[in-house]
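*Asks:* First the structure, then my questions, so here it is.
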Amino acid sequence: MTAPRFWRNIEQRYRLVGTECRTCETAYFPPRELCPDCRRGGDVVEKEFSGEGEVVSATVVHEAVGDYDSETPYTVAVVELEEGARLTTQVVDDGEDDVEPGDSVEACFRRVSDQGDEGIVQYGTRFRRV
């Protein structure tokens, strides 16, 4: 399998698909095989999330390393989805520099990076304020 095809086949890169334990009704992203609370007694199933959520905490990154150093400043936030799962994500679009806890956000699909004319163009989920 080529790298681009492998990249495209990772469902969580394009949809907010996680898991939920039906036993304790806890949602997880990224997906988990076992519920950390219920262990083997948990009934863990795949769950697609709505993409709607609320900022729990946020920070603006001014100094970054590697491929992200040319994109500073950018905002990173912990978002709690309506279904209860929490994830760390980049906040994009207008007003990204003044994101506050309690702000409503929604998932959006964005170009994450590319590796030039011969490389892979990577897309993924980011969040924006609504």
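The values are calculated or read from the model by the stated rules, or taken from the named source; none is laboratory data. Just so it is clear, the structure is predicted and the values come from calculations on it, not from any experiment. All Cβ positions, glycine included, derive from the backbone under ideal geometry; neighbour counts span all protein chains shown.
*Asks:* Taking the residues in the stretch 27-62 that are closer than 22 Å to residue 101 by Cα and among the β-branched types (Val, Ile, Thr) as candidates, determine which candidate is surrounded by the fewest Cβ atoms within 10 Å (Cβ to Cβ).
*Replies:* 59
*Asks:* Something else now. How many residues are without any contact (Cβ under 8 Å) to a residue 40 or more places away in the chain and under 17 Å from the mean Cα position of the chain (by Cα) when one looks only at the stretch 109-126? It would help to see each step written out before you state the result.
*Replies:* Start the filter on the stretch 109-126 by keeping residues that are without any contact (Cβ under 8 Å) to a residue 40 or more places away in the chain, which leaves 110-112, 114-119, 121, 126.
Now drop any that are not under 17 Å from the mean Cα position of the chain (by Cα), which leaves 110-112, 126.
Selection size over the stretch 109-126: 4.
*Asks:* When you scan the stretch 9-70 for strands (runs of 3 or more DSSP E) that lie fully inside it, which ones turn up with 3 or more residues that are touching a residue at least 12 places away in the same chain (Cβ under 8 Å) and either under 26 Å from residue 110 (Cβ atoms) or among the hydrophobic types (A, V, I, L, M, F, W, C) (or both)?
*Replies:* In the stretch 9-70, 17-21, 44-48, 52-61 are the strands (runs of 3 or more DSSP E) which contain 3 or more residues that are touching a residue at least 12 places away in the same chain (Cβ under 8 Å) and either under 26 Å from residue 110 (Cβ atoms) or among the hydrophobic types (A, V, I, L, M, F, W, C) (or both).
*Asks:* Which one of these does residue 101 not meet: (1) in a loop (DSSP other than H, G, I, E, B); (2) within 18 Å of residue 15 (Cβ to Cβ)?
*Replies:* All conditions pass for residue 101, except number (2).
*Asks:* What about residue 65, is it among the aliphatic types (A, V, I, L, M), surrounded by 11 or more Cβ atoms within 10 Å (Cβ to Cβ) and on the phi < 0 side of the Ramachandran plot?
*Replies:* When the stated conditions are applied, residue 65 does not pass them.
*Asks:* Filter the stretch 73-94 down to the residues that are part of a loop (DSSP other than H, G, I, E, B) and under 14 Å from residue 108 (Cβ atoms), then identify the one that is farthest from the chain's Cα centre (by Cα). Please lay out each step first, then the result.
*Replies:* Pass one, the stretch 73-94, residues part of a loop (DSSP other than H, G, I, E, B): 73, 82-85, 93-94.
Still in the running and under 14 Å from residue 108 (Cβ atoms): 93-94.
Numbers: 93: 16, 94: 19 Å.
Across the stretch 73-94, the extreme among qualifying residues is 94.
*Asks:* I'm checking my understanding of the structure. Among residues of the stretch 104-130 that are aliphatic (A, V, I, L, M) and not in a strand (DSSP E or B), which one is surrounded by the fewest Cβ atoms within 10 Å (Cβ to Cβ)?
*Replies:* Of everything passing the filter in the stretch 104-130, 130 is surrounded by the fewest Cβ atoms within 10 Å (Cβ to Cβ).
*Asks:* With 27, 77, 58 as the choices, which residue is in contact with a Cys (Cβ under 9 Å, 6 or more places away or on another chain) and modelled with pLDDT of 95 or more? Break it down into steps so the answer makes sense when it comes.
*Replies:* Numbers: 77 fails: in contact with a Cys (Cβ under 9 Å, 6 or more places away or on another chain); 58 fails: in contact with a Cys (Cβ under 9 Å, 6 or more places away or on another chain).
It is 27.
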